[in-house]
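Taking it in order: structure first as structure tokens, then the write-up.
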């Protein structure tokens, strides 16, 4: 008996042939290409990965909420973004799925609750203050590599409340940078895999990943041999226990999570702060209002200050570090008028949603006041700076505190002004600026 092939109602979009033709434009400037396609196909469109494999891209807020929150159990991260990355960064919560991910998430989440993180504030403040002592000043300074180094230092010192040598710090930083660049190319330029046996590139980076694990293993071993308590994130992870067994994480699992915290945490925060400084340099009135506000609050108050948080939130709206994400349908599903088979890849396009004129008044304008005039925006279905649903960024409270403290301490010491340079966007795993050139002067006391 002949079985009928099930019909699906996929969004309009590009055929396999058209996808191939568009591939160069997409790879050269994915945000621009996706944005133009959203205009043509009204917020949701499909494209072809293989003959019978479809990708649906959407900036429809309801669709995104459905995939990431309301029906999240029917969706998982793809092999491309989990198995490939896990070979180099381990099976931390960013690169795992299913029951293992859920168990790890439940174990680690309490360590990132706001009240637990308060013990790290002094460490963050000291790290920022020490770094700002030698912050470069003058004309036409590219702040991107500087802010990345700062964010890396803050996170490592929050993880390990010990004095790591400058050589070890530099080595860890370089390994992360190398692995991040390799993973970007591995995901975005899959044809490179053909050359790995010849170039040895994959093997070289696997050795770097092993060296990183060896460094962390030594730190953990030394910590276990000490008989004292710390307030760092490593101690929180070492003291965490699974609810069902009462057992701690295995050492390799702790290393996996440490790597993920650094990988995801410093990259996203550094990008957000870099974009924020650019936006403030171009909006003098907002910058003046912010600096006046900082004169009347203390550094500890800045982490909860309404205007400071609104300014950061608006920066994340215009330049979300996680500019998109992806999920794979485990079973057939449907949303609204659309239906699609299992295996379909859904890509929520946060960048487009955050600039959608139907949801945002003066959508391209930098307006922190919008988050004060309507505080509900922070929890609305149109705003996803840290994602949404069960896989929402576990470090969101840490990131907001870190960025608020930086804003306070930086603008107490420095003045910035724009140079007229317009940063280019590098939308890879995160939304990096290519460079941000500012004039920076230390405030005279």
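The values are calculated or read from the model by the stated rules, or taken from the named source; none is laboratory data. Fair warning: this is a prediction, and the values are worked out from it, not measured in the lab. Using ideal geometry, Cβ is built from the backbone for each residue, glycine included, and neighbour counts are taken over all protein chains shown.
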I'd like to know if the stretch 353-361 contains one or more residues that are without any contact (Cβ under 8 Å) to a residue 40 or more places away in the chain, crowded, with 21+ Cβ neighbours inside 10 Å and touching a strand residue (DSSP E or B) at 6+ places or on another chain (Cβ under 9 Å).
yes
Condition met for residue 96 (in contact with a strand residue (DSSP E or B) (Cβ under 7 Å, 6 or more places away or on another chain), at pLDDT 85 or above and either more than 25 Å from residue 176 (Cα to Cα) or buried (at least 18 other Cβ atoms within 10 Å of the Cβ) (or both))
no
Every residue from the stretch 416-431 that is out of contact with any helix residue (DSSP H, G or I) (no Cβ under 7 Å at 6 or more places or on another chain) and either assigned to a loop (DSSP other than H, G, I, E, B) or loosely packed, with under 15 Cβ neighbours inside 10 Å (or both)
419, 420, 421, 422, 424
Can you pull out every residue in the stretch 276-321 that is surrounded by fewer than 19 Cβ atoms within 10 Å (Cβ to Cβ), under 19 Å from residue 118 (Cα atoms) and over 22 Å from the mean Cα position of the chain (by Cα)?
297, 298, 299, 300, 301, 306
So, in the stretch 30-70, how many residues would count as being exposed (fewer than 15 other Cβ atoms within 10 Å of the Cβ) and not in a helix (DSSP H, G or I)?
6
Among the residues of the stretch 201-230, how many are surrounded by 16 or more Cβ atoms within 10 Å (Cβ to Cβ) and assigned to a loop (DSSP other than H, G, I, E, B)?
1
Scanning for something part of a loop (DSSP other than H, G, I, E, B), modelled with pLDDT of 95 or more, touching a helix residue (DSSP H, G or I) at 6+ places or on another chain (Cβ under 8 Å) and more than 29 Å from residue 267 (Cβ to Cβ), does the stretch 316-332 turn up at least one residue?
yes
Any residue at all in the stretch 335-355 that is outside any helix (DSSP H, G or I), under 21 Å from residue 271 (Cβ atoms) and more than 17 Å from the chain's Cα centre (by Cα)?
yes
